[in-house]
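For reference, the structure is listed below as structure tokens.
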Amino acid sequence: MIARILVIEDDERQVALYRQALAPYDLEFVASASEGVETLRRELPDLILLDHVLKGGELGLEALPKIREIAAHVPLIIVSGTLDIGQQLEALQGPKRAHYLLEKPVDLDQLD
């Protein structure tokens with residue numbers, strides 16, 4: 001069975017990068033946190049990639065608690081080039097945390 005990855009990302013260049021680097025996987029893309037939450041309510045993926053600054057001004061860190069309520073046991077990686085060190089630590093601590101954080105631009109080798 002091929003792993004399913006939900007990518008919550010609004011930057012088309014980043015989406016193209018994910019399509020290339022993660023081609024062997026079953027990928028689903030949404031451009032906002034609210035779309036991501038709705039997608040998670042329908043079906044849980046094997047992994048979530050969550051950008052911080054999203055369509056409509058939504059912020060991934062603000063949506064993280066809601067996402068974790070729905071998908072508590074799904075590994076989650078935050079990808080952002082805008083988080084300061086305090087925000088990075090906040091994202092990785094506590095029960096509603098991300099499992100890992102990658103800074104943009106993402107190195108394709110980090111996605112393997």
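Scan segment 83-92 for residues that are closer than 17 Å to LEU49 by Cβ and part of a helix (DSSP H, G or I) and report the count.
Within segment 83-92, the first condition is being closer than 17 Å to LEU49 by Cβ, and the residues that meet it are 83, 88, 91-92.
Right, trim to part of a helix (DSSP H, G or I) and you get 88, 91-92.
Within segment 83-92, residues that are closer than 17 Å to LEU49 by Cβ and part of a helix (DSSP H, G or I) number 3.
For segment 23-34, check the following and say yes or no: at least one residue is open to solvent by 50 Å² or more (accessible area, probe 1.4 Å) and of a type in the set (S, T, N, Q).
yes
Can you tell me which residue is surrounded by the fewest Cβ atoms within 10 Å (Cβ to Cβ) among those in segment 35-46 that are in contact with a helix residue (DSSP H, G or I) (Cβ under 9 Å, 6 or more places away or on another chain) and in a loop (DSSP other than H, G, I, E, B)? So that I can check it myself, show each step before the final result.
We begin by selecting, within segment 35-46, every residue in contact with a helix residue (DSSP H, G or I) (Cβ under 9 Å, 6 or more places away or on another chain); these are 35-37, 40-41, 44-45.
Filter once more, so that each one left must be in a loop (DSSP other than H, G, I, E, B): 44-45.
Numbers: LEU44: 15, PRO45: 22.
Result: LEU44.
Just one of (1) in contact (Cβ under 8 Å) with a residue 24 or more places away in the chain; (2) under 17 Å from THR39 (Cβ atoms) trips up LEU61, so point out which.
If we test LEU61 against (1) in contact (Cβ under 8 Å) with a residue 24 or more places away in the chain; (2) under 17 Å from THR39 (Cβ atoms), just (2) comes out false.
Taking GLU12 as meeting all but one of (1) touching a residue at least 12 places away in the same chain (Cβ under 8 Å); (2) open to solvent by 50 Å² or more (accessible area, probe 1.4 Å); (3) under 22 Å from ASP107 (Cα atoms), write down the number of the exception.
Status for GLU12: all satisfied but (1).
Filter segment 64-87 down to the residues that are without any contact (Cβ under 8 Å) to a residue 60 or more places away in the chain and among the hydrophobic types (A, V, I, L, M, F, W, C) and list them by number.
Step one: list which residues in segment 64-87 are without any contact (Cβ under 8 Å) to a residue 60 or more places away in the chain, which gives 64-78, 80-87.
Listed by number, the residues that qualify are LEU64, ILE67, ILE70, ALA71, ALA72, VAL74, LEU76, ILE77, ILE78, LEU83, ILE85.
Before we move on, is VAL30 modelled with pLDDT of 95 or more and over 11 Å from the mean Cα position of the chain (by Cα)? Before you say what the answer is, go through the steps one by one.
Details: modelled with pLDDT of 95 or more: yes; over 11 Å from the mean Cα position of the chain (by Cα): no.
No, not satisfied.
Please indicate, with yes or no, whether at least one residue in segment 64-82 is among the charged types (D, E, K, R), in a helix (DSSP H, G or I) and open to solvent by 60 Å² or more (accessible area, probe 1.4 Å). Let's see the steps before the verdict.
Let us first name the residues in segment 64-82 that are among the charged types (D, E, K, R), namely 66, 68-69.
Next, only the ones that are in a helix (DSSP H, G or I) stay: 66, 68-69.
Cutting the leftovers down to open to solvent by 60 Å² or more (accessible area, probe 1.4 Å) gives us 66, 69.
Within segment 64-82, one or more residues are among the charged types (D, E, K, R), in a helix (DSSP H, G or I) and open to solvent by 60 Å² or more (accessible area, probe 1.4 Å).
The values are calculated or read from the model by the stated rules, or taken from the named source; none is laboratory data. Computed from a predicted model, the values in this text were never measured in an experiment. In this analysis, Cβ positions are derived from the backbone assuming ideal geometry, glycine residues included, and neighbour counts consider all displayed protein chains. We work out accessible area using only protein heavy atoms, side chains counted, and drop any ligands, DNA or RNA first. Shrake-Rupley method; radii C 1.70, N 1.55, O 1.52, S 1.80 Å.
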